[in-house]
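See below for the structure under consideration.
The values are calculated or read from the model by the stated rules, or taken from the named source; none is laboratory data. Predicted, not measured: the structure shown is a model, and the values here were computed from it. Backbone-built Cβ (ideal geometry, glycine too); neighbour counts: all protein chains shown.
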Amino acid sequence: MSALPPPPLPAAPSLALFLDIDGTLVEFADRPDGVRVPKPAITALAHLQRRLGGALAVLSGRELAAADRLLAPLQLPAGALHGLQRRAVDGTLTTTAPPPLVAGRVDAACRAGAAALDGVFVEAKAGIGFALHYRGAPAQAEAVRALAAEIAATADGHYLVQHGDCVAELKPVGQDKGSALAALMQTSPFRGRVPMMIGDDLTDEPAFVAARELGGHAVIVGGRRPTVATHALASPTAVRAWLAAMATARGSGVPA
């Protein structure tokens, strides 16, 4: 398998940039609330937002409020909760949610199941998404996956299991990062630009596909393979360096 090249530094007027957070912009932490975004990265994103005329968005598995806290004072267009929460440039919010009774049942089942598995904990996201984390207990991976599958099977078709890096997430059906990217690309200032998605996890693959289908580029962070990505960066440190360079570079244009 040939190595993927690093991404180019496209000319700002042509680019629409989409960025994951955990594992991409910043390194993972043992718990989601332990993640911090370095101030120089926030500064680079603020410069990029201006250079791109606002065509900069985050596509994250985090709920929107959590993403905003990490990136404060920025409030970028977003596809949060894997696209279930979308925020347009003008601040308009769109949420896809399951029936409350079903969400409550899934929440309770996740908490009861996690309580029986040492080292596993539940991250509730806006009351509609529920992530079973086992980063601190990798030996529980199979048990967590089985638990998640069992819960999804009893959710009346409203939930599916989204696997990620040391997490199995009960996610409402209907949206993903790819649909969020495609929706934002239909709006100003993204419309007519070349999309580039930067992400690291399986949850980013739908956005990679969407970016490529729109004539753009997909950048995977780290060594996970296989992938449909067209370019690669080695780590979040490399991503932050690329963003800093992009924030000040004149750009050479996106290659065909």
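You will find that of Gly199, Gly136, the residue that is under 17 Å from Arg62 (Cα atoms) and not aromatic (Phe, Trp, Tyr) is Gly199 and no other.
Can Ala16 be described as out of contact with any helix residue (DSSP H, G or I) (no Cβ under 6 Å at 6 or more places or on another chain) and either more than 18 Å from Asp200 (Cβ to Cβ) or surrounded by 16 or more Cβ atoms within 10 Å (Cβ to Cβ) (or both)? When the stated conditions are applied, Ala16 passes them. Scan the range 1-59 for residues that are small (Gly, Ala, Ser), in contact (Cβ under 8 Å) with a residue 12 or more places away in the chain and within 20 Å of Ser235 (Cβ to Cβ) and the total you get is 4. Checked against the criterion of being surrounded by 15 or more Cβ atoms within 10 Å (Cβ to Cβ), assigned to a loop (DSSP other than H, G, I, E, B) and not small (Gly, Ala, Ser), the candidates Arg224, Arg212, Arg240, Arg191 yield just one match: Arg224.
Only one of the listed residues (Leu45, Leu52, Leu59, Leu17) is in the same structural domain as Gly215 (by TED's automatic domain parsing) and in contact with a Gly (Cβ under 6 Å, 6 or more places away or on another chain). That residue is Leu59. Close contacts from the range 164-176, counting a first residue that is touching a residue at least 12 places away in the same chain (Cβ under 8 Å) and more than 13 Å from Leu132 (Cβ to Cβ) and a second that is among the small types (Gly, Ala, Ser) and not in a loop (DSSP other than H, G, I, E, B), with Cβ to Cβ under 6 Å and a gap of 6+ residues or different chains, come to Gln175/Gly83; Asp176/Gly83.
Only strands (runs of 3 or more DSSP E) wholly contained in the range 52-131 count here; list those with 2 or more residues that are basic (Lys, Arg). Give the derivation first.
On the way: elements: 56-59, 78-80, 85-87, 93-95, 121-125.
Answer list for the range 52-131: 85-87.
Just name the residue that is farthest from Ala67 (Cα to Cα) out of those in the range 136-165 that are at pLDDT below 95 and surrounded by fewer than 18 Cβ atoms within 10 Å (Cβ to Cβ). Across the range 136-165, the extreme among qualifying residues is Gly136.
The C-beta contact set for the range 203-230 (first residue closer than 23 Å to Val173 by Cβ, second residue among the basic types (Lys, Arg), distance under 7 angstrom, 6+ apart or interchain) comprises Thr203/Lys177; Asp204/Lys177; Pro206/Lys177; Ala207/Lys177; Val228/Arg212. Scanning the range 166-188 for residues that are among the β-branched types (Val, Ile, Thr) and buried (at least 18 other Cβ atoms within 10 Å of the Cβ) turns up just one, Val167.
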